[in-house]
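Below: the structure, in structure tokens.
Bear in mind that the values in this text are calculations on the coordinates, not laboratory data. All values reported here derive from a predicted model rather than from experimental measurement. For neighbour counting, all protein chains shown are included, and Cβ atoms are generated from backbone atoms with ideal geometry for every residue, glycine included.
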Amino acid sequence: MAKRSDESGITRGTKNVFADLGYPDAAERQAKLRLAYALNQVLDQRDVTQTAAGRLLGMSQPKVSALRNYKLSG
């Protein structure tokens, strides 16, 4: 959990914002976010459409759109 500094009033967080916010599944959320970020970086470098990315990743274009917009539920 985040630690509060008594002197400056600044709260120093952990390396997982989801844990800092108290989510019980913080590690899973962090992993999903990191994976989505890495995939989005590759898709940006390759400059592929969402439809082409869906074919490469074995998912539908709407799911690729959700991934590209970091909508990671499910």
* Asked: For the residue pair Asn16 and Gln30, what label-to-label distance in nm results when each label sits 7 Å from Cα along the Cα-to-beta-carbon direction?
  -> 0.4 nm
* Please state the relative contact order of the chain as a whole percent: Cα pairs under 8 Å, 6+ residues apart? -> 19 percent
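Taking the Cβ of Leu57 as the center, what net charge do the other residues with Cβ under 14 Å away carry, scoring Lys and Arg +1 and Asp and Glu -1?
On the way: positive: Arg46, Arg55, Lys63, Arg68; negative: none.
With Lys, Arg at +1 and Asp, Glu at -1, the neighbours total +4.
Compute the longest continuous run of the chain that contains no exposed trypsin sites (Lys or Arg not before Pro); treat a site as exposed when its DSSP state is not H, G, I, E or B and it has at most 14 other Cβ atoms within 10 Å.
16-70
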* Asked: Just from its helices, what would the mean residue ellipticity at 222 nm be for the chain, if runs of 4 or more DSSP H residues each count -39500 (n - 2.57) and the sum is divided by every residue, rounded to the nearest 500 deg cm²/dmol?
  -> -16500 deg cm²/dmol
* Asked: Which entry in (i) 11.9, 33; (ii) 16.6, 54; (iii) 12.6, 41 matches Rg and Dmax of the Cα atoms in Å derived from the coordinates of this structure?
  -> (ii)
* Asked: In degrees from 0 to 90, rounded to the nearest 10, what is the angle of the helix 26-46 Cα long axis to the longest principal axis of the chain?
  -> 40 degrees
